[in-house]
Each structure stands twice: as structure tokens, then as C-alpha cells.
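Just so it is clear, none of the values below were taken in a lab; they were calculated from the coordinates. Computed from a prediction, not measured in an experiment: that's the story for all the values here. In this analysis, Cβ positions are derived from the backbone assuming ideal geometry, glycine residues included, and neighbour counts consider all displayed protein chains.
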Amino acid sequence: MDLPTFSTLLTSGQEVLQAAINLQPRQVDFLRHYQALSRRFAKELARGALEIAILRLEAADKFPFADKLYFTRPALEQASNYELSAYRARRYQGFSRVADLGCSVGGDTLALAAVLPVIGVDRDPLRLRMAQANLAVCDLSEKVNFIQADLTASLPFVPGLKSAYPDPESTSLSLFFDPARRTEERRVFSVKGYQPPLSVIKSWLDRFPALGVKISPGVKLVELAEYDAEVEFISLRGELKESVLWFGPLKTAYRRAVVFSGGVAPGPYILAAEEQAFSLKTLPLSKPQAYLYEPDPAILRAGLVVALGLQLEAAQLDPDIAYLTASTLVRTPFARVWAVADWFPFQLKHLRAYLRERNVGQVVVKKRGSPIEPEALIRDLKLKGDEERVIFLTHLRGRPIVVVCCGGNPSAPGTRKGEIIPTR
């Protein structure tokens with residue numbers, strides 16, 4: 001979609017947009033719906049309206065008000081879930097304003113504008129126009145000024161700039177930077193490949209030390225060694241979603257894991273290490289005890305397994321494996337917990353016989369440190385029966401073992417198999 005087509009959709013093209021929305025379209029049916037719409041409306045308008053209608057449906061998992069917003073597909077794919085954006089935005093409380101650098105269609109701008117005034121900056125005129133429309137439908141237009149600029153050149157803040165807030169050089173101006181982490185073909189994981197690359201912030205920090213940067217959660221930590229920043233990893237319903245670097249007065253820890261668990265008590269739940277020395281601590285080693293903990297991926301990426309183990313008074317099975325074990329259940333949002341039924345050295349015949357004796361016909365296989373593929377193991381076990389088990393293939397002090405689990409603690413009401421048990 002180009003800018004003139006989108007501008008028409010916002011004005012005289014609302015009829016075709018509503019017609020597309022009424023179809024409740026999915027991408028798989030694009031051609032059929034496009035052919036139907038293009039019989040009634042101009043082809044470019046029909047295509048643009050259909051794209052927006054499809055993306056609004058797809059955006060429902062990310063935005064509670066997706067049915068009012070405008071997207072391009074690349075912009076939606078890179079956008080954060082709104083609850084994560086709202087969580088991040090709260091860190092900017094106390095500043096007079098924030099510049100949302102690489103604001104795209106305004107997904108983060110919406111959350112930031114609910115907290116403080118925003119300057120939205122992007123080089124793409126279509127995305128900027130969509131951002132303006134998105135802020136307008138959410139009644140936040142008065143909180144945001146937009147600037148079209150290329151961030152690879154320099155920050156577009158100069159004294160007297162009419163489209164920005166007054167006194168943009170003030171230290172009360174904070175920055176949020178969301179570089180493009182996708183090309184047309186694939187995701188970009190190296191910070192050197194971002195557009196613009198992460199190194200561009202080095203010229204910003206002296207003037208604007210309060211800076212947050214959204215980066216890929218799969219980033220190689222060695223690439224961040226030269227930056228004096230807090231590294232935060234955030235997961236949502238058990239899936240690692242993003243990472244953020246926090247600089248200057250926005251930095252509050254060395255590493256931080258944030259878990260949004262969903263459900264009745266969604267979080268956020270936060271576990272942080274204040275300084276780098278935390279990485280020198282270790283946990284005792286132990287054979288599997290009554291409970292096995294599988295840490296949340298945000299804990300794993302933040303390197304906070306030991307910190308979690310100390311909180312749970314748990315041990316590790318192996319110094320290189322992230323499973324934790326304990327004799328008593330401690331409820332935590334930072335790990336899934338499983339009741340251990342048995343464990344023994346891994347041997348296929350032994351495991352098959354063990355499960356058959358207990359009428360186990362279905363297994364879920366999880367692994368850490370094992371070369372065995374779960375699908376191959378399930379096929380080789382050739383099980384029949386009505387019972388279910390969860391099997392962990394892992395190491396105990398370097399030797400392969402299997403841990404057989406039945407699910408959560410049967411003596412704790414409401415604890416289900418692998419449940420995330422929320423407490424603050």
C-alpha cells in the first residue's frame with residue numbers, strides 16, 4: 001500500500017474498508033476476497049482495505065483495541081504486545097517527554113503517550129501517517145508530535161524545532177529506540193545488522209543518557225559487552241518475546257527477567273541481579289528430589305537460574321543444565337513445576353518397560369543436554385495405555401538420566417501439570 005491509497009482509505013475510502021472488515025478475511029483467502037471487492041471498488045483501494053482488515057484480525061493477540069488500528073505487515077510483526085509496551089512505558093515516569101525513535105505505526109507510541117508526551121520519529125511516511133491515525137482513534141493525538149527523519153544521519157532535535165517540544169536538548173528528554181530487526185527475507189539477530197545498527201546510540205548517549213533500546217531476545221550477549229546497560233528479558237505466557245537495554249537513569253539492575261504469565265494474575269513478575277558478581281554464585285548439585293523446576297525462558301536468557309535456585313532453596317542436577325530440583329514445593333511464577341515420580345540412568349529398554357508396567361500410553365518429552373530427538377524417542381517407545389507422563393531427558397553430574405514426572409504437586413489444591421504458580 002502506498003501513502004495516497006492509505007490517505008484515501010482514511011477519508012472517502014471508509015466504505016471499502018468497512019466492506020473488507022465485514023468479510024472477516026484471512027490471509028489464506030486474500031485472492032478470493034480481493035476479487036470480490038475489486039468488482040465494487042478501485043483495485044488499489046480494495047487491496048489496501050483488505051490488507052488492513054486482515055492485519056486487524058491478526059493483531060488481536062497483541063492489541064486489545066486492534067479493530068481500530070492501522071498496520072503494515074512488517075510493522076505488525078515487529079510490534080510488541082501492548083501489555084509489554086505498557087510495562088516498558090512506566091519506566092519513563094518522571095521525565096517530561098520521550099522521543100520514540102523508529103516509532104513505525106505507533107504501537108509503542110500509544111503506550112508511551114498514556115504516560116508522558118511523545119515525539120514520534122520515523123523515516124517512512126506511510127508508517128508515520130498510520131501512527132498519526134492510530135493515535136487519533138485512541139484520542140491521544142494531543143500527546144504526540146511526529147517528525148519524519150532518518151536516524152542514520154542524526155537525531156532531529158535542534159533548538160527551536162517547531163514540530164518538537166520546546167527545549168529538546170534538556171536532560172528531561174528521554175529516548176526509546178526501536179531499530180528495525182527484520183529484512184524482507186528474515187529476522188536479523190546481530191545488533192550490527194539492525195537498521196540503523198545499535199552502534200548509532202554511541203553518539204546519542206552524551207546528550208540524552210536516559211535511553212531504552214528494544215533488541216532481539218536472541219541477541220548474542222557478547223555483542224552487548226561494550227555497552228554499560230541493564231539487559232532485560234521479557235517473556236509472555238512462557239514464550240520469550242523481547243529484550244530491552246536500559247541506559248543511564250533508566251538502568252536499575254545488571255540483568256532482569258520479567259515474566260507475564262497470563263491468567264488471573266498475569267504479572268509482571270520480576271527477578272533481577274543488581275550487579276555482575278551474581279554470576280559467580282553456584283548452587284549445590286543433587287539427584288532429582290520430589291519436585292523438578294523448569295525455569296521460564298526469560299530466566300534462562302538473563303542467566304538467573306542460580307538466583308532463582310537460591311530463592312527456591314533448590315539444587316541443580318548438573319552445573320551445565322538449567323533444571324532445578326527441591327524436596328518441597330515453593331510456588332513461583334518463574335518456573336513450571338513438576339512432581340517427580342521416578343528417575344534412573346537413561347536406557348531405552350528400561351524406560352519402555354517402566355512405562356508399559358504403568359499403563360502409560362502418552363508421553364511429553366522434554367530435554368536439556370540430550371542428543372535424543374523427542375519425536376524419535378516417542379516412536380521408539382511404542383507405547384499403549386491410558387496413563388500420561390512427562391519425561392525429561394537430561395544429565396546428572398554429566399551422565400544421561402531420565403526423570404519421569406506426573407505433573408504438579410497433588411497435595412497443593414489447584415496445582416496442575418506444569419502449572420505456572422503465580423506469587424509476587
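Give me the percent of Cα-Cα pairs in the range 3-59 that sit more than 16 Å apart, rounded to a whole number.
30
Suppose we look only past 19 Å in the calculated P(r) of the range 166-245. What percent of the Cα-Cα pairs does that tail hold? Cα-Cα pairs in the range 166-245 separated by more than 19 Å: 40 percent. Ignoring aspartates and glutamates fewer than eight residues from LYS384 along the same chain, the ones with Cα atoms less than 13 angstrom from its Cα are GLU357. For the chain, dividing the convex hull volume of the Cα atoms by the residue count gives 173 Å³ per residue. Any idea which of GLN35, TYR354, VAL340 is furthest toward the positive side of the dipole for the chain, if Lys and Arg beta-carbons carry +1 and Asp and Glu beta-carbons -1? Sorting the options by dipole projection puts first TYR354. Counting DSSP beta bridges with both partners in the chain, what percentage is antiparallel, nearest 5? Of those bridges, close to 55 percent are antiparallel. Could you give log10 I(q)/I(0) at q = 0.08, 0.09, 0.10, 0.19 Å⁻¹ for the range 76-252, computed by the Debye formula over C-alpha point scatterers of equal weight, without solvent? Scattering profile of the range 76-252, log10 relative to I(0): -0.22, -0.28, -0.34, -1.42. Here the range 291-407 is treated with +1 on each Lys and Arg Cβ and -1 on each Asp and Glu Cβ, and its dipole about the Cα centre works out to around 260 debye. Ranking of THR109, THR332 by neighbouring Cβ atoms within 10 Å, starting from the fewest: THR332, THR109.
Relative contact order of the range 76-252: 17 percent, from C-alpha pairs under 8 Å at least 6 residues apart in sequence. At 37 °C and a viscosity of 0.692 mPa s, what translational diffusion coefficient does Stokes-Einstein give for the range 229-363, taking Rh as the Kirkwood radius over Cα pairs? Give it in µm²/s as a whole number. Reported coefficient: 200 µm²/s. Gain on full extension, evaluated as 0.36 nm per residue between LEU23 and GLU226 minus their Cα-Cα distance, stands at 68.0 nm. With kT/(6 pi eta Rh) evaluated at 4 °C and eta = 1.567 mPa s, and Rh the Kirkwood radius from Cα pairs, the range 291-407 diffuses with a coefficient of 88 µm²/s according to Stokes-Einstein. Ranked by how many other Cβ atoms sit within 10 Å of their own Cβ, fewest first, the residues LEU317, LEU224 fall in the order LEU224, LEU317.
Between VAL337, VAL121, VAL219, where does the largest GNM mean-square fluctuation fall for the chain, given springs only between Cα atoms within less than 10 Å? Greatest mean-square fluctuation among the candidates belongs to VAL219. For a straight C-alpha distance cut-off of 29 angstrom, the lysines reachable from LYS241 (same-chain residues fewer than eight places away being disregarded) are LYS62, LYS68, LYS143, LYS192, LYS202, LYS214, LYS220, LYS251, LYS281, LYS366, LYS367, LYS417.
For a footprinting-style exposure proxy, rank LEU10, LEU240 by other Cβ within 10 Å, fewest first. It would help to have the intermediate numbers written out before the result.
On the way: LEU10 15, LEU240 18.
Fewest to most other Cβ atoms nearby, the residues stand as LEU10, LEU240.
Taking the chain as a Gaussian network of alpha-carbon nodes connected by springs under 10 Å, the highest mean-square fluctuation of the residues LEU383, LEU393, LEU175 belongs to LEU383. Averaging the Cα positions of each part gives two centres, and for the range 1-76 and the range 256-296 these lie 43 Å apart.
Secondary-structure-derived ellipticity at 222 nm for the chain, considering helices only, amounts to -7000 deg cm²/dmol, per-run term -39500 (n - 2.57) for DSSP H runs with n ≥ 4.
Once the Kirkwood radius over Cα pairs is known for the range 270-328, the Stokes-Einstein relation at 10 °C and 1.306 mPa s delivers a diffusion coefficient of 138 µm²/s.
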